[in-house]
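The values are calculated or read from the model by the stated rules, or taken from the named source; none is laboratory data. Bear in mind the structure is a predicted one, so any value in this text is a computation, not a measurement. Quick reminder, even Gly has a Cβ in these numbers, built from the backbone with ideal geometry, and neighbours come from all protein chains shown.
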Amino acid sequence: MWPILLHLHLIPAALYVCLGLYFWRTRSARSAASGKLLSDMARFERVLLVIALLSHGFALQAAIFPGSEMRFGFSIAFSLIVWLAICFYWMETLYNRLDGLRAIVLPAGVLACVLVALFPDTHPLPHENVASPIFRLHLISFMLACGLVTLAALHAMLMAIATKQLQHGRFTRALANLPPLLTMEALLFRLIGVAFALLTLALLAGIMYTETRFDKAFRFDHKSVFATISWLLFGILLVGRHFWGWRGRVALRWTLAGFVTLMLAYVGSRFVIEVLLHR
């Protein structure tokens, strides 16, 4: 079964690579030849990205539900998070010009697909977890929050690069079409605000689930501790933004810190258990 899933994940990986090469040629080579900067994605280019996303989503569905069971190891979780981040990126390009972000999200898509092929998940989730509506609510809201936080972190890294280039008085062609930094900052906090609401829902659903199954509201494991720390970091960032106008490097550092701790909550802990400890 797994060789089939490996080939399924190589298809979206190849599509992401082809899209990355296409965008590089059309946005760099042609703009260099004409001396003009090209605009954001055309309609047919959005369709090409949708095709890659559909292929990636189909491969994920086959990996998560290979039969009657459900598998959700670190590689599948990371791939799903990146897939959601690219979906959110596609939706954001309908309203904002985010040309430079393609150079980050497409390689992330390739990495996510390759990881699933290299590290297959052989441990299904317990049936009582899958059958629980509260657990499903927790999992869905947590994954959506992770996808938004991932896009916010990539967005923050792009802003950091753009800020550094602006200080030196020169932009690369990949970043020349970006919107003003204030607009990008507003988008960053919009992503963080929605992600924080989803993460709050995920934590509340997780508390309800552990209370029902283990007769305790909080379990001191890696997932719970890191997820709570990430929630606190993003909460403090939003409070600081509202009351003290936090922005710039302060906002970027808090965003990246929240992203790292959130990734450690599930992907990082599962990587240690599955790959390093072989459990």
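Residue-wise test of (1) at pLDDT below 80; (2) among the hydroxyl-bearing types (Ser, Thr, Tyr); (3) more than 20 Å from the chain's Cα centre (by Cα); (4) not in a loop (DSSP other than H, G, I, E, B).
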site: Gly100; (1), (2), (3), (4): yes, no, no, yes
site: Ala112; (1), (2), (3), (4): no, no, no, yes
site: Leu144; (1), (2), (3), (4): no, no, no, yes
site: Gly169; (1), (2), (3), (4): yes, no, yes, no
Do we find that Val149 is modelled with pLDDT of 75 or more, surrounded by 21 or more Cβ atoms within 10 Å (Cβ to Cβ), assigned to a helix (DSSP H, G or I) and not charged (D, E, K, R) in this structure? yes
All but one of (1) surrounded by fewer than 21 Cβ atoms within 10 Å (Cβ to Cβ); (2) under 29 Å from Thr183 (Cα atoms); (3) not small (Gly, Ala, Ser) hold for Phe78; state the number of the condition that does not hold. (1)
If Ser55 meets every condition in (1) outside any helix (DSSP H, G or I); (2) modelled with pLDDT of 85 or more apart from one, which number is that one? (1)
List the number of the failed condition for Thr200; all other conditions in (1) part of a helix (DSSP H, G or I); (2) modelled with pLDDT under 95; (3) of a type in the set (Ser, Thr, Tyr); (4) closer than 27 Å to Tyr95 by Cα hold. (2)
Please tell me if Ile134 is part of a helix (DSSP H, G or I), β-branched (Val, Ile, Thr) and either over 20 Å from Gly57 (Cα atoms) or more than 19 Å from the chain's Cα centre (by Cα) (or both). yes
Would you please name the residue that is surrounded by the fewest Cβ atoms within 10 Å (Cβ to Cβ), looking only at residues in the stretch 224-279 that are basic (Lys, Arg) and assigned to a helix (DSSP H, G or I)? Arg249
Taking the criterion of being modelled with pLDDT of 85 or more and more than 22 Å from Phe23 (Cα to Cα), would at least one residue in the stretch 81-90 satisfy it? yes
Taking Ile207 as meeting all but one of (1) free of Cβ contacts under 8 Å to residues at least 12 places away in the same chain; (2) under 27 Å from Pro133 (Cβ atoms); (3) surrounded by fewer than 17 Cβ atoms within 10 Å (Cβ to Cβ); (4) not hydroxyl-bearing (Ser, Thr, Tyr), write down the number of the exception. (3)
Would you mind stating whether Arg102 is surrounded by 19 or more Cβ atoms within 10 Å (Cβ to Cβ) and not hydrophobic (A, V, I, L, M, F, W, C)? yes
Please name all residue pairs, on different chains or six or more residues apart, with Cβ atoms under 6 Å, provided the first residue is in the stretch 116-142 and is closer than 28 Å to Ile11 by Cβ and the second residue is crowded, with 17+ Cβ neighbours inside 10 Å and among the hydroxyl-bearing types (Ser, Thr, Tyr). Val116/Ser75; Val116/Ser79; Phe119/Ser75
